[in-house]
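Step one of this worksheet: look at the structure below.
The values are calculated or read from the model by the stated rules, or taken from the named source; none is laboratory data. Since the model is a prediction, treat every value here as computed from it, not as a measurement. Here the Cβ positions follow ideal geometry from the backbone for every residue, glycine too, while neighbour counts run over all protein chains shown. Heavy atoms of the whole protein, side chains included, go into the accessibility calculation; ligands, DNA and RNA do not. Shrake-Rupley method; radii C 1.70, N 1.55, O 1.52, S 1.80 Å.
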Amino acid sequence: MCSEGLRERYVNPYTDFAFKLLFGTDLNKEVLIGFLNALFNGEQVIEDVTYLNTEHLGSREPERRAVFDVYCQNEKGEKILIEMQKGEQQFFKDRSIYYSTYPIREQAIKGEIWDYELKAVYIIGILNFTLDDVKSPQFYHEVKLMETSTHEVFYDKLTFVYLEMPKFHKTEQELETLFDKWMFVLKNLSRLMERPTALQERVFNRLFEAAEIAQFSPDKLYAYEESLKVYRDWNNVINTAIQKGEAMGEARGEARGEARGRAEGRVEGELIKARNIARNLKNIGLPTSEIATVTGLPIDEINSL
């Protein structure tokens, strides 16, 4: 993919590279803080965040690894995990619950007497799809442990926030709150050619500066182009799978099995394509961590290529 093919002024935040650039780097920390304060809407005010290691292993070797998009803690030591999900997953809720166990377990104090007091943990999912089992037209969902008979919050230190972006439909003229504006810019950033009049707050200054593709260095531009290509290929795979799924619903059971096999073959093809991209990026000397951001491959797999 060459740079002449890019016509957008601003990055697509649904790509791994762009999302981590805007929200997961010290250089753009104020962007993350601004987004979180708008999300929490006064329930708490975050003054600073510290970025934490996004790659976590289980406590034992056979346990699975988790790689987070953005993982940080605020000045009170509360853990905040943010995931940008560009494609629907069958067990997405299970995955978010599983991911929440890492910031909980790592608070255990080893080798000392510990009374089990925990800092709050927030899991935030920005979803580029809708949850099949959620019929509400609302795009914002806040989930806590609840006592079912009274409907009162039983435990307030574990919070899951899910943002179903396809359900957010407000136009620029309809934006009322600062959080509305964040949702608008997340959903429409790559389609904007100018900064909207409604988004003139200082908090957006850094975001639009960091998101402008023309300001990228050649290496950063190449990394973004590769990440955008992976994102577009992923969307094509998903759209193809959906179309095949509709066709499968009209076909016999044998035909459905064959279609699934072809879809799995395409996914395997995407993995091979990601590995080839990783090899090319290694050849030009791009750091392993940035290659992982672009391709979505594990660092240990990249190192073995």
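At-a-glance table
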| item | result |
| --- | --- |
| Karplus (6.51, -1.76, 1.60) ³J(HN,Hα), θ = phi - 60°, over region 75-81, in Hz, Gly and Pro reported as x | 5, 8, x, 6, 8, 10, 10 |
| Antiparallel bridges, percent of DSSP beta bridges restricted to region 6-127 (to nearest 5) | 55 |
| Residue pairs, from the table Lys86/Lys273; Lys76/Lys167; Lys29/Lys170; Lys181/Lys220; Lys29/Lys167, whose Cα atoms sit over 22 Å apart | Lys76/Lys167; Lys29/Lys170; Lys181/Lys220; Lys29/Lys167 |
| Backbone HN-Hα couplings from phi across region 89-99 [Karplus 6.51/-1.76/1.60, Hz, Gly and Pro as x] | 10, 4, 10, 4, 4, 4, 5, 5, 5, 4, 4 |
| Neighbourhood net charge (12 Å Cβ-Cβ; Lys/Arg +1, Asp/Glu -1) for Asp233 | +3 |
| Cross-link partners of Lys110 among lysines (Cα-Cα below 19 Å; sequence separation of 8 or more within a chain) | Lys79, Lys119 |
| Extension reserve of the Lys119-Met146 stretch, reckoned as 0.36 nm per residue once the Cα distance is removed | 7.9 nm |
| ³J(HN,Hα) computed for each position of region 150-161 - Karplus, 6.51 cos²θ - 1.76 cosθ + 1.60, integer Hz, glycine/proline x | 9, 6, 9, 5, 8, 9, 9, 9, 10, 10, 10, 10 |
| Residues of type aspartates and glutamates that Lys135 reaches as a straight line, Cα spacing below 20 Å, ignoring anything fewer than 8 places off in the same chain | Glu88, Asp94, Glu164 |
| Accessible area expressed per residue, region 108-247, with surrounding protein chains retained (probe 1.4 Å, Å²) | 58 |
